[in-house]
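Every number here is computed from the coordinates shown, using simple stated rules; none is lab data. Because the structure is a prediction, the values reported are computed rather than measured. Positions of Cβ are generated from backbone atoms using ideal geometry, with glycine treated the same way; all protein chains shown enter the neighbour counts.
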Amino acid sequence: MSKVFLKKGRDASLKRFHPWVFSGAVSGVEGELFEGELVSVFSFDNEFLGCGHFQKGSITVRILAFDDSPYKQGFWNDRLEEAYKTREQLCIMEEGKTNSFRLVHGEGDMLPGLVLDYYNGVVVMQAHSAGMVKSKEQIVDALKFVLKDKLLAVYDKSSATAPFKAGLDLQDGFLYQEKGVLQSGVILENGLAFNVDWLEGQKTGFFLDQRENRELVRRYAKGKGVLNLFCYTGGFSVYALSGGASFVDSVDSSARAIEMTTKNLELNMKEGASVSHNEYCADAIDFLKNSQDNKYDMIIVDPPAFAKHRDALRNALRAYQRLNANAISKVSKGGIIFTFSCSQIVDKVSFAEAVFSAAAISGRRVRIIGRMTQPADHPVNIYHPEGEYLKGLVLRVD
Ligand code: SAH
């Protein structure tokens, strides 16, 4: 068992259950440390604080437990069972309505570096740390133990998320597969159907984190002309049409995303019904600027993370401000805007400030009629508030 010792006085955050040990807090080590290895962390005074995955870099240890349970048999089964039971308690799954959810959300499930999404039997895994890449086998075994016949396949998609390549087995592929499991599948969310491509899609294939916000879009969409910017798989577009929107325009710069949007609209089309939908493979910002004033009564603005690192924060805030100012200027009188940020380093206060200045630039009267976040299957560890990454505002523009 290798040991990491902290500098004097640097044990406070761990004692408050924050799950990261930063390299600057480490005073020394005992034993040889390997990337992704389980190590124990001690205070300067030799007090055992917890154990977790070691990784060179600014976050040196990602804590798995504040006791020694990760060294013991049954750790992975227990931890995944806990995650699954939490999801059962949330009652997300509903026969004939919803069959997909996030099973593990990193620090929110005390499994830093691990994301597992459950798509109607197929679990897609993305490991963000060396320790999780190296724990693949234990994770698959635990998934079989916990999900039993509810598990059809486990697809590992960590090549895009792993922190580095050297020494890690990063061949994407099925780690477990029952006969006949396809490369993609159709899932249900709130009674609507979506094709999920876990092989080629972004992240794990679908943005499950917008489930409840999409439902809100459906509620407000009746009779509205809707613009869905950064539509990806067309989730918001499908919900808006299902809620009775008079027409929907979907925009994404990726041709593949536009293809998926079309496919998902077809999946949900009632026989014989005609849908007023147009898709545009275009830059969302240019499209918005060139669009007709007052054409849209509802605009959805869900861009990719503008800032991935702290040094990009200022530019990201300015980009949110510009984008939202354009949306606020364009929307019809009495129109509604759903605006989001999924950048982890942009907190909800800074995001609200960016939207506030956007409103001020537009010179229109704007009211906040809703605040949105990530759903309960993306829990936030209260000791790790950084885990609250998705935030959004519903605006009514007079
Ligand atoms: N709203 C989507 C998720 C958006 S992900 C959902 O509910 O599932 C971000 C999307 O923005 C991606 O599909 C990406 O292709 C697209 N994108 C990135 N930059 C863009 C740009 N400048 N213009 C239009 N689309 C862009």
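Once phi is turned into θ = phi - 60°, what whole-Hz ³J(HN,Hα) does the Karplus curve with 6.51, -1.76 and 1.60 give for every residue of region 274-288, x standing for Gly and Pro?
Working through the residues one at a time gives 10, 10, 8, 9, 10, 10, 10, 8, 7, 6, 5, 5, 5, 4, 5 Hz.
Sort Ile285, Ile328 so the one with the fewest other Cβ atoms within 10 Å of its own Cβ comes first. If you can, show how the numbers build up before the last one.
Values: Ile285 17, Ile328 24.
Least crowded to most crowded, the residues run Ile285, Ile328.
Return the Rg/Rh value of region 310-398, two decimal places, where both radii are evaluated on C-alpha atoms and Rh is the Kirkwood radius.
Values: Rg = 13.6 Å, Rh = 13.5 Å.
When Rh is taken as the Kirkwood radius, the ratio is 1.00.
Given a 10 angstrom Cα cut-off, can you work out which residue in Ser237, Ser341, Ser69 is the most mobile in a GNM of the chain?
Of Ser237, Ser341, Ser69, the Gaussian network model singles out Ser69 as fluctuating most.
In vacuo Debye scattering of region 1-69, one point per C-alpha: log10 I(q)/I(0) at q = 0.12, 0.17, 0.25, 0.27 Å⁻¹?
Treating every Cα as an identical point scatterer, log10 I(q)/I(0) equals -0.23, -0.47, -1.12, -1.35.
About the Cα centre of the chain, how large is the charge dipole given +1 on each Lys and Arg Cβ and -1 on each Asp and Glu Cβ? Please answer in debye to the nearest 20.
1400 debye
Work out the charge dipole of region 120-248 with +1 on the Cβ of Lys and Arg and -1 on the Cβ of Asp and Glu about the Cα centre, then indicate which of Gly223, Ala166, Thr233 is farthest towards its positive end.
Positive-end residue among those listed: Gly223.
Any idea what angle helix 313-330 forms with the longest principal axis of the chain, computed on alpha-carbon atoms, 0 to 90 degrees, nearest 10?
20 degrees
Which of Asn381, Asn195, Asn294 ends up with the largest GNM mean-square fluctuation for the chain, with Cα atoms connected below 10 Å?
Asn294
Please report, in whole Å, how far the alpha carbons of region 88-129 spread along each principal axis, starting with the longest.
In descending order, the Cα extents are 36, 20, 9 Å.
Add -39500 (n - 2.57) for each DSSP H run of 4 or more in the chain, then divide by its residues: what number comes out at 222 nm, to the nearest 500 deg cm²/dmol? Present the calculation step by step, with values, prior to reporting the outcome.
Details: 10 runs with 108 residues, N = 398.
Counting only the DSSP helices, I get -8000 deg cm²/dmol.
DSSP loop (so not H, G, I, E, B), at most 10 other Cβ within 10 Å: list which trypsin sites (Lys or Arg not before Pro) in region 1-88 pass both filters. Working shown, then result.
On the way: sites: Lys3, Lys7, Lys8, Arg10, Lys15, Arg16, Lys56, Arg62, Lys72, Arg79, Lys85, Arg87; in loops: Lys7, Lys8, Arg10, Arg16, Lys56, Lys72.
Those satisfying the criteria are Lys8, Arg16, Lys72.
Please check: in the Gaussian network model of the chain (C-alpha springs, under 10 Å), which one of Met372, Met125, Met298 has the largest mean-square fluctuation.
Per the Cα network of the chain with a 10 Å cutoff, Met372 tops the list.
Which of the listed residues, Gly335, Pro375, Ser276, is farthest toward the dipole's positive end in region 207-397, when Lys, Arg count +1 and Asp, Glu count -1 at the beta-carbon?
Final value for the positive-end residue is Gly335.
Taking every pair of alpha-carbon atoms in region 119-194, give the share separated by more than 14 Å as a whole percent.
Details: 1757 of 2850 pairs.
Here the long-distance tail beyond 14 Å is 62 percent of all Cα pairs in region 119-194.
So which of Lys136/Lys179; Lys8/Lys348; Lys222/Lys289; Lys85/Lys157; Lys224/Lys263 end up more than 28 Å apart by C-alpha? Can you show the working numbers first?
Working: Lys136/Lys179 21 Å; Lys8/Lys348 34 Å; Lys222/Lys289 25 Å; Lys85/Lys157 24 Å; Lys224/Lys263 22 Å.
Check vs 28 Å cut-off fails for Lys8/Lys348.
Along each principal axis of its Cα atoms, how long is region 136-239 end to end? Whole angstroms, biggest number first, please.
Principal axes ranked by extent give 53, 34, 21 Å for the Cα atoms.
Give me the angle, in degrees from 0 to 90, between the Cα long axis of helix 255-267 and the longest principal axis of the Cα atoms of the chain, rounded to the nearest 10.
70 degrees
Considering only Gly363, Val394, Ser350, whose Cα is most displaced toward the positive end of the charge dipole of region 257-398, charges sitting on Cβ of Lys, Arg (+1) and Asp, Glu (-1)?
Projecting each Cα onto the dipole axis, the largest value belongs to Gly363.
Have a look at the chain and give its Rg and Dmax from the Cα atoms, expressed in angstrom.
Expressed in Å, the Cα Rg and Dmax of the chain come to 22.5, 74.
Once Rh for region 261-343 is found with the Kirkwood sum over Cα pairs, what is the Stokes-Einstein diffusion coefficient at 20 °C and 1.002 mPa s, in µm²/s?
In µm²/s, the coefficient rounds to 145.
Please tell me the relative contact order of region 1-67 in percent, rounded to the nearest whole number, where contacts are Cα pairs under 8 Å and at least six residues apart. Let's see the in-between values first.
Values: 150 pairs, mean separation 24.4, N = 67.
The value is 36 percent.
Just to compare against my own numbers: the Cα pair-distance distribution for region 207-397, 10 Å bins, whole % per bin, please.
Spelled out bin by bin, region 207-397 gives 10, 38, 38, 13, 2, 0 percent.
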